[in-house]
Amino acid sequence: MNPLKSIPGTIISGFVLAVIIIFALGSNGTFSPWAFWVWMHVLAGITWIGLLYYFNFVQVPAVGQALAEANSGGPGAAAINKYVAPRALLWFRWGALATWLTGAMALEAMHTDAGSGFMAAFSFAAGYERIGMGAWLGTIMLFNVWVLIWPNQKKILGIVQSTPEAIAKAKVVALMASRTNTLLSIPMLVGMTGHMHGMPF
């Protein structure tokens, strides 16, 4: 059976290959919670931010074009809104939550002093200013996903019944929240990478 023929098979095979590579490169035999949670955080974050960029750079313009061409014989946006968007939003919103939770676990695991790494980051304790800024921006983005984007997308996609006026308003709110997250993702990633690798300048 070819594992690449299914998504679970592909993901499981990826993890198996990663573990093989870890041991082939010379594992020290000691489990590192911090390295593990950072790995999970990056995987979840790529899923979340990758879909955020997909929505903003690919799907929203494509739906706009499809709607504009619907009256001239084009296919319209029905296929995207019915088959693609709900599935993408499922991975998007749960990827956002997984990213935040694994980030919180990584903060705890990296903290060697007394107290909480989570609290050290969110209170901008000494040495945690950069990662703390990234964590706060990521938290704002998570809020936008679950409180602004997803409830309004349910109206837009017809998952919940809404009036045309409510749908029109939902489109504006969801788009602005999504664009805000795209904007925030850029400085957020500066904080996340800058903590261990330094700021670009």
Practice item. Would you please name the residue that is farthest from W34 (Cα to Cα), looking only at residues in region 180-201 that are loosely packed, with under 14 Cβ neighbours inside 10 Å and at pLDDT 95 or above? Key: L183
Point to revise | Tabulated pairs, region 45-68, first small (G, A, S), second assigned to a helix (DSSP H, G or I), C-beta under 7 angstrom, 6+ apart or interchain | key: G45/T99; A62/I80; A66/I80
Exercise for review: Please state which of the following conditions V60 fails to meet, knowing it meets all the rest: (1) out of contact with any Ser or Thr (no Cβ under 9 Å at 6 or more places or on another chain); (2) farther than 17 Å from G134 by Cβ; (3) of a type in the set (A, V, I, L, M).
Suggested key: (1)
Practice item. For region 95-109, state whether one or more residues are aromatic (F, W, Y), in the same structural domain as W150 (by TED's automatic domain parsing) and surrounded by 13 or more Cβ atoms within 10 Å (Cβ to Cβ). Key: yes
Check your understanding: What do you reckon, is T47 modelled with pLDDT of 90 or more and not assigned by TED's automatic domain parsing to the domain that holds A109?
Key -> no
**Study point:** Positions within region 122-138 being in a loop (DSSP other than H, G, I, E, B) and of a type in the set (A, V, I, L, M, F, W, C), in sequence order
**Key:** F124, A125, A126
Check your understanding: When you look at A104, is it without any contact (Cβ under 8 Å) to a residue 60 or more places away in the chain and of a type outside the set (S, T, Y), yes or no?
Key -> yes
Practice item. Could you run through region 1-15 and say how many residues are within 22 Å of the chain's Cα centre (by Cα) and of a type in the set (A, V, I, L, M)? Key: 3
Revision key, fill the gap. Residues of region 91-121 being of a type in the set (G, A, S) and in a helix (DSSP H, G or I), in sequence order, are G95, A96, A98, G103, A104, A106, A109, G117, A120, A121
Practice item. Collect the residues in region 69-90 that are within 16 Å of F143 (Cα to Cα) and either surrounded by fewer than 19 Cβ atoms within 10 Å (Cβ to Cβ) or modelled with pLDDT under 95 (or both), keeping them in residue-number order. Key: L90
Practice item. Report whether or not M176 is part of a helix (DSSP H, G or I) and modelled with pLDDT of 95 or more. Key: yes
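The values are calculated or read from the model by the stated rules, or taken from the named source; none is laboratory data. A quick note: this is a predicted structure, and the numbers were derived from the prediction, not measured. Virtual Cβ from ideal backbone geometry, glycine too; neighbours counted across all protein chains shown.
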